[in-house]
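What follows is a short report on a single structure.
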Amino acid sequence: MKKIAILGSTGSIGTQTLEIVRNNPDLSVVAIAAGSNVELMEQQIREFHPLIAAMWTEKAASDLALRVADTGVKIVSGMDGLIEISTVKEAEVLVTAIVGMIGIRPTIAAIEHGKTIALANKETLVTAGHIIMPLAAKHGVSILPVDSEHSAIFQSMHGENRERVSKIILTASGGPFRGKNKEELSHMTLEAALNHPNWSMGKKVTIDSASLVNKGLEVMEAKWLFDVDLEQIQVVVHPQSIIHSAVEYVDGGIMAQLGMPDMKLPIQYALFYPDRRPMEGKRVDFFELGQLTFEKPDTDTFRGLYLAYEAAKRGGSLPTVFNAANEKAVALFIQKKIGFLQIPELIEDSMGHHRVIEAPSVDEILQAEAETYEYIQGKGDI
């Protein structure tokens with residue numbers, strides 16, 4: 001029986017992780033954490049019988065505790081609660097499916113306790129890769145990517161000599177706005193941004209996909225996960241989302257992972273690595289597909305990807321500012337307070353305003369995040 005803990009159990013990745021648990025009786029959930037969805041959390045507790053559960057706010061935790069008082073499940077809250085979930089002694093694997101830099105401290109705590117990390121939280125490596133990767137190496141902890149593209153890269157490197165990697169080919173669907181120009185993007189609505197052609201994801205990730213910021217975050221994450229230079233990471237727009245990413249080796253050979261766009265595959269692969277388990281679902285039919293196509297990303301129109309490379313090249317605390325500015329800008333876009341093209345504008349403005357800290361500590365990372373939020377909030381035109 002493999003026992004797991006999940007940060008972000010009520011979100012897109014968390015709920016799909018629980019679907020996999022339902023279909024694999026040798027998986028057991030011993031700890032779960034969520035933000036504010038008390039009703040769904042109660043359902044999950046009653047179905048999966050964890051030992052402990054956490055909500056972000058004390059109010060939500062108190063509400064949950066009353067609802068599940070008959071179960072005997074321990075209810076905790078806040079950052080201390082997330083760390084308790086991440087370090088619960090019974091769990092072997094921590095699935096970090098929580099959104100935002102809130103995931104950094106719990107991930108560090110889990111690594112220090114020797115937990116295998118099934119990583120679905122981009123921000124952890126984007127902002128703190130210089131801390132996380134050496135710490136994982138020190139404790140002999142495996143970080144297994146759950147993100148579809150990084151799982152594809154990981155699978156394409158399995159059994160290969162990583163020193164012989166020439167290039168990582170990071171694929172992107174192009175999102176719902178692929179092929180549009182700036183004039184067209186200036187009129188794009190929230191509803192249009194959320195209409196992704198291939199993937200079913202949470203609101204923020206879907207909007208990040210529409211702006212290509214998500215691909216920029218994945219570039220930064222890949223740099224740390226696979227210990228490669230930025231120049232070795234090539235983004236390729238692949239509208240069909242069948243090739244999830246690939247690796248080119250020094251002899252010119254390319255290994256790729258293909259499959260239908262379904263997040264359960266990379267989640268399950270991380271949970272059972274290096275084994276593969278049967279999984280229900282549609283399979284790739286090459287005759288039905290007919291063709292696979294590829295395009296160069298338009299970084300002039302979709303400036304978020306360009307800015308991500310710039311932040312990664314400069315390093316230090318600038319990737320934190322990139323990420324924090326995007327989080328704030330996306331929140332404003334969801335609230336319909338800004339237009340779609342203002343997202344990269346706010347990111348670039350925030351990056352230009354920031355004084356970079358080299359090799360920031362966790363406290364300095366979180367401080368940079370807070371200062372970026374304050375800077376954007378203080379702008380009078382929003």
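The values are calculated or read from the model by the stated rules, or taken from the named source; none is laboratory data. Quantities reported herein were computed from a predicted structural model and do not represent experimental measurements. In this analysis, Cβ positions are derived from the backbone assuming ideal geometry, glycine residues included, and neighbour counts consider all displayed protein chains. Remember, those area values only see protein heavy atoms, side chains included, never the ligands or the DNA or RNA. Shrake-Rupley method; radii C 1.70, N 1.55, O 1.52, S 1.80 Å.
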Name the helices (runs of 4 or more DSSP H) wholly inside the stretch 127-231 in which the number of residues that are closer than 18 Å to Ala329 by Cβ is 3 or more. 190-193, 203-211, 213-225
Complete set of residues in the stretch 182-237 that are modelled with pLDDT of 90 or more and among the charged types (D, E, K, R): Lys182, Glu183, Glu184, Glu191, Asp208, Lys215, Glu218, Glu221, Lys223, Asp227, Asp229, Glu231
Quick one: Glu295 ticks every box in (1) surrounded by 14 or more Cβ atoms within 10 Å (Cβ to Cβ); (2) of a type in the set (Asp, Glu); (3) closer than 19 Å to Glu149 by Cα except a single one, so which number is it? (1)
All conditions in (1) open to solvent by 40 Å² or more (accessible area, probe 1.4 Å); (2) within 21 Å of Gly174 (Cα to Cα) are true of Arg277 except (2)
Please indicate, with yes or no, whether at least one residue in the stretch 248-260 is in a loop (DSSP other than H, G, I, E, B) and within 23 Å of Ile143 (Cβ to Cβ). yes
Wholly within the stretch 13-126, which helices (runs of 4 or more DSSP H) include no fewer than the required count, namely at least 1 residues that are in contact with a Lys or Arg (Cβ under 8 Å, 6 or more places away or on another chain) and open to solvent by 10 Å² or more (accessible area, probe 1.4 Å)? 38-48, 78-87
Limited to the stretch 298-317, what total is found for residues that are part of a loop (DSSP other than H, G, I, E, B) and open to solvent by 10 Å² or more (accessible area, probe 1.4 Å)? 7
Going through (1) open to solvent by 40 Å² or more (accessible area, probe 1.4 Å); (2) in a helix (DSSP H, G or I); (3) of a type in the set (S, T, N, Q) one by one, Thr320 fails only at (1)
Hey, could you check the stretch 214-232 for residues that are surrounded by 21 or more Cβ atoms within 10 Å (Cβ to Cβ) and of a type in the set (A, V, I, L, M, F, W, C) and say which is farthest from Gly175 (Cα to Cα)? Leu225
Could you give me the residue pairs with C-beta distances under 8 Å whose first residue belongs to the stretch 355-382 and is farther than 19 Å from Gly316 by Cβ, whose second residue is modelled with pLDDT under 95 and exposed (fewer than 10 other Cβ atoms within 10 Å of the Cβ) wherever it lies, and which are 6+ apart or on separate chains? none
Do we find a residue being over 20 Å from Lys122 (Cβ atoms), assigned to a loop (DSSP other than H, G, I, E, B), open to solvent by 20 Å² or more (accessible area, probe 1.4 Å) and at pLDDT below 95 anywhere in the stretch 364-379? yes
Selection count, the stretch 127-143, where residues are closer than 21 Å to Leu27 by Cα and either in contact with a Lys or Arg (Cβ under 6 Å, 6 or more places away or on another chain) or buried (at least 22 other Cβ atoms within 10 Å of the Cβ) (or both): 1
